[in-house]
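Computed from the coordinates by the stated procedures, all read-outs in this text should not be read as laboratory data. In this text, all values refer to a predicted model and were calculated from it rather than measured experimentally. Backbone-built Cβ (ideal geometry, glycine too); neighbour counts: all protein chains shown.
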Amino acid sequence: MKNIIALGGSNSKNSINKILAVYTAHEIQNAHVTVVDLNDYELPLYGVDFETEHGVPENAMKLNRVIESSDGLVISLAEHNGSYTASFKNTIDWLSRIDMKVWKDKPILLLATSPGGRGGKTILEAAKAYFPYLGGNVIANFSLPNFYESFAENEIVNTELREELDKNIQLFEQDLNA
């Protein structure tokens, strides 16, 4: 059984990206899912002066160990003004102080969703380009537009979008089991 992390790139308690990540991770065959909520790993704003005076926070060390112990990651990114949420970017900044290979070369199924019609495509494209520099092995990616119309009763209700996600899950599973 593979240990998969489901992470929503937001600290919102009602994050639709966390919902999508958890849903998708549970669709992976023969997987144990560990849900990572950024609120459980609260971190001070990264700054070199803070790091010099206090070192790397324990929560960053804990999250780094969780990532190390996984076989793969399902990450769904929220988009704020065309970029990562401040909490997600801050988390990456702290993790990179432990190891620049934040994602440990683990396979990643990269997702994004939003209430709008673009479904977080801007941040999805940015992450696809940036994550390899952080040791991210992006196997597949998927954007879910119009979250509140496309996702109901804990499932994707648009058949075409559901089939597209299923194909991406299969690609991810193939890499996990290779």
Select from the stretch 6-15 the residues that are closer than 14 Å to F88 by Cβ and over 8 Å from the mean Cα position of the chain (by Cα) and list them in ascending order. S10, N11, S12, S15
Pair list, Cβ < 7 Å and 6+ apart or interchain, from the stretch 92-112 residues that are free of Cβ contacts under 8 Å to residues at least 60 places away in the same chain and over 30 Å from D166 (Cβ atoms) to residues that are part of a loop (DSSP other than H, G, I, E, B) and hydroxyl-bearing (S, T, Y): D93/Y46; W94/Y46
For the stretch 32-89, what are the residues that are among the charged types (D, E, K, R), touching a Lys or Arg at 6+ places or on another chain (Cβ under 7 Å) and more than 22 Å from L109 (Cα to Cα)? E51
Can you list the helices (runs of 4 or more DSSP H) found entirely within the stretch 1-91 that contain at least 2 residues being in contact with a Ser or Thr (Cβ under 8 Å, 6 or more places away or on another chain) and under 22 Å from A127 (Cα atoms)? 16-26, 58-68
Taking the stretch 123-178, which residues are touching a Pro at 6+ places or on another chain (Cβ under 8 Å) and not in a helix (DSSP H, G or I)? N137, V138, I139, N146
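Would you tally the residues in the stretch 10-26 being surrounded by 17 or more Cβ atoms within 10 Å (Cβ to Cβ) and either touching a Lys or Arg at 6+ places or on another chain (Cβ under 8 Å) or not small (G, A, S) (or both)?
Taking the stretch 10-26 as the starting set, the residues that turn out to be surrounded by 17 or more Cβ atoms within 10 Å (Cβ to Cβ) are 10-11, 15-25.
If we keep only those that are either touching a Lys or Arg at 6+ places or on another chain (Cβ under 8 Å) or not small (G, A, S) (or both) too, we end up with 10-11, 16-20, 22-24.
Counting residues in the stretch 10-26 that are surrounded by 17 or more Cβ atoms within 10 Å (Cβ to Cβ) and either touching a Lys or Arg at 6+ places or on another chain (Cβ under 8 Å) or not small (G, A, S) (or both) gives 10.
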